[in-house]
Amino acid sequence: MTNPNDALFALREALKFSPDNIPLRQHIADTLLNRGEAAAAAIEYQQALALAPQNLDLKLGLAKAYYQEGKDSAALVIIEDILARGETSPTILTLHARLLMRSGDLSTAAQQFRKALNEDPSLEQSDLVDRLGVKQAEAGDNFDSMPEGMEKPGISFQDVGGMEEVKEEIRLKIIYPLTHAEMYRAYGKSIGGGILLYGPPGCGKTHLARATAGEIQAGFISVGLNEILDMWIGNSEKNLHQLFDRARRNQPSVLFFDEVDALAASRADLRQSSGKQLINQFLTELDGVQYSNEGVLILAATNAPWHLDTAFRRPGRFDRILLIPPPDADARAAILRIICQGKPIEDLDYQFLAQKTDGCSGADLKLVVDLAVEKKLQAAMKTGIPQPLTTKDLATAASGVKSSTREWFNTAKNYATHANQDGNYDDILKYLKM
Ligand SMILES: Nc1ncnc2c1ncn2[C@@H]1O[C@H](COP(=O)(O)OP(=O)(O)O)[C@@H](O)[C@H]1O
Ligand SMILES: [Mg+2]
């Protein structure tokens with residue numbers, strides 16, 4: 001048997017004579033990677049990529065090497081770039097799933113892994129099958145374990161920074177009635193109705209809704225703007241009924257209407273149009289008289305609650321309206337911690353960073369981290385040596401990101417001072433200390 005080191009030595013010797021031989025370089029890199037020498041493999045892939053920057057196998061090899069080294073964000077950037085170029089394969093998708101899983105985004109990870117299985121049902125990745133709850137046996141026509149349009153989010157309340165009061169409100173109003181139905185009945189407390197989340201964009205309404213489903217391992221159906229617009233255009237009350245129906249048949253479930261103002265707008269032009277039927281259908285479904293909504297948690301979110309028809313706020317409908325404000329300093333620290341999870345970082349001073357990001361939404365904080373990561377990657381591509389993110393990197397990135405929540409409060413303030421007959425916007429006044 002030849003000593004593998006000798007083999008590698010011979011290959012390197014060969015390379016000396018034909019340094020531009022890309023397949024040879026790739027062979028050396030692959031060999032190193034298979035032997036678990038990820039760092040050395042990464043260097044070979046980089047050198048080969050310098051000669052053939054668009055070579056897909058080399059890019060994938062480099063991503064795998066980074067993944068083995070635990071340099072997840074570097075690997076993610078490469079994989080996401082590959083996918084963005086429209087390239088896909090079971091290997092690419094599986095690696096993406098693994099990276100997403102390590103970053104804590106289990107639901108997207110599951111999605112990608114399902115796609116990989118769909119392309120190649122014989123993939124042997126039993127650890128992914130177990131951890132992502134994706135059933136391999138069902139691969140084939142009916143490979144998705146969830147009904148169409150439904151997912152099981154892999155995040156729970158612990159992935160939502162701050163918002164302790166809001167979480168408690170959600171527990172009391174919709175989670176406990178589901179998990180302790182008999183107790184609620186004993187007190188004669190009626191069950192039903194939904195929660196409307198409102199507030200400036202990027203502060204976690206959608207994130208929280210998904211986490212609510214994950215918290216109780218419920219199926220999650222998200223009805224976004226596109227679905228809603230489809231319903232408007234198709235004037236299809238039937239589609240709306242089917243959504244509720246799917247949620248009822250697969251309880252416990254969370255039915256989430258994102259940007260619900262599009263569906264429930266009070267604008268006269270919509271109410272007069274044939275869309276009126278759609279609104280009425282929505283109200284009927286919410287009331288749950290004809291078909292019970294027990295076991296279905298109904299959540300909705302909007303950035304513009306003032307556009308919402310008041311009929312939606314009656315008891316038994318969206319009778320709890322919760323402001324999701326921008327995160328305070330402690331929440332910002334918690335969110336940064338969540339976002340940085342799984343990335344190469346130094347011991348970060350989160351409290352300091354929280355002070356540097358006053359007024360930032362969760363989405364703004366994500367941008368801060370993204371910017372800092374990009375800079376790090378840029379440097380790493382030059383030197384070939386990835387360095388961990390530091391407090392200073394993030395603080396520098398933060399100084400270039402503007403808070404995106406102030407504008408929303410300017411509008412909100414007008415409604416809260418001039419159109420607050422029912423006290424709906426007291427929370428805004430309280431938040432603004434007015
Ligand atoms: N409280 C939070 N904890 C953790 N991440 C958050 C939080 N708020 C926002 N984010 C992050 O910011 C992103 C944007 O938030 P999103 O839920 O889409 O905001 P909204 O629906 O209010 O516009 C989310 O995908 C999430 O990654
Ligand atoms: Mg949203």
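The values are calculated or read from the model by the stated rules, or taken from the named source; none is laboratory data. All values derive from a computational prediction rather than experimental measurement. We place every Cβ from the backbone using ideal geometry, glycine too, and count neighbours over all the protein chains shown.
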Exercise. Could you list, in sequence order, all residues of segment 395-422 that are farther than 22 Å from V369 by Cα and polar (S, T, N, Q)?
Key: N410, T411, N414, T417, N420, Q421
Self-check item: Selected residue (criterion: surrounded by the most Cβ atoms within 10 Å (Cβ to Cβ)) from residues of segment 200-213 that are assigned to a loop (DSSP other than H, G, I, E, B) and near ligand 2 (Cβ under 10 Å from one of its atoms)
Solution: C203
Quiz item: Taking segment 380-409 as the region of interest, how many residues are assigned to a helix (DSSP H, G or I) and under 18 Å from E44 (Cα atoms)?
Solution: 4
Quiz item: What number of residues within segment 326-367 satisfy the criterion of being part of a loop (DSSP other than H, G, I, E, B) and in contact with a helix residue (DSSP H, G or I) (Cβ under 8 Å, 6 or more places away or on another chain)?
Solution: 13
Exercise. From the list I22, I43, I28, pick out the single residue that is in contact (Cβ under 8 Å) with a residue 60 or more places away in the chain and either surrounded by 11 or more Cβ atoms within 10 Å (Cβ to Cβ) or not assigned by TED's automatic domain parsing to the domain that holds R102 (or both).
Key: I43
Quiz item: Quick check, is N226 within 16 Å of ligand 2 (Cβ to nearest atom), without any contact (Cβ under 8 Å) to a residue 24 or more places away in the chain and not hydroxyl-bearing (S, T, Y)?
Solution: yes
Self-check item: Conditions (1) at pLDDT 90 or above; (2) crowded, with 22+ Cβ neighbours inside 10 Å; (3) not β-branched (V, I, T); number of the one not met by M231
Solution: (1)
Exercise. Read through the list (1) aliphatic (A, V, I, L, M); (2) over 23 Å from N250 (Cβ atoms); (3) modelled with pLDDT of 90 or more; (4) touching a Lys or Arg at 6+ places or on another chain (Cβ under 9 Å), then give the number of the only condition that A329 fails.
Key: (4)
Practice problem: Among the candidates G161, G140, G149, single out the residue that is in a loop (DSSP other than H, G, I, E, B), at pLDDT 85 or above and small (G, A, S). | Solution: G161
Quiz item: Does at least one position in segment 64-82 carry a residue that is farther than 18 Å from A380 by Cβ and either free of Cβ contacts under 8 Å to residues at least 60 places away in the same chain or assigned by TED's automatic domain parsing to the domain that holds V373 (or both)?
Solution: no
Exercise. Test each condition in (1) modelled with pLDDT under 95; (2) more than 16 Å from ligand 1 (Cβ to nearest atom); (3) β-branched (V, I, T) for T391 and report the one that comes out false.
Key: (1)
Practice problem: Go through (1) closer than 20 Å to P200 by Cα; (2) modelled with pLDDT of 95 or more; (3) more than 16 Å from ligand 2 (Cβ to nearest atom) one by one and return the number of the condition D309 breaks. | Solution: (2)
Exercise. Sort through L371, L365 and tell me the only one that's buried (at least 19 other Cβ atoms within 10 Å of the Cβ) and within 24 Å of the chain's Cα centre (by Cα).
Key: L365
Quiz item: away from ligand 1 (no atom under 12 Å from the Cβ) and touching a residue at least 40 places away in the same chain (Cβ under 8 Å): does that describe T310?
Solution: yes
Exercise. For A380, indicate whether it is modelled with pLDDT of 95 or more, touching a helix residue (DSSP H, G or I) at 6+ places or on another chain (Cβ under 8 Å) and on the phi < 0 side of the Ramachandran plot.
Key: no
Quiz item: Any residue at all in segment 276-299 that is within 13 Å of ligand 1 (Cβ to nearest atom) and in the same structural domain as E259 (by TED's automatic domain parsing)?
Solution: yes
Quiz item: What is the number of the single condition among (1) modelled with pLDDT of 85 or more; (2) within 16 Å of ligand 2 (Cβ to nearest atom) that L243 does not meet?
Solution: (2)
Quiz item: From the list G423, G342, G384, G362, which residue is in contact with a Ser or Thr (Cβ under 6 Å, 6 or more places away or on another chain) and not assigned by TED's automatic domain parsing to the domain that holds G193?
Solution: G342
Exercise. Go through segment 195-220 residue by residue and tally those that are in contact with a helix residue (DSSP H, G or I) (Cβ under 8 Å, 6 or more places away or on another chain) and either in the same structural domain as S107 (by TED's automatic domain parsing) or within 16 Å of ligand 1 (Cβ to nearest atom) (or both).
Key: 18
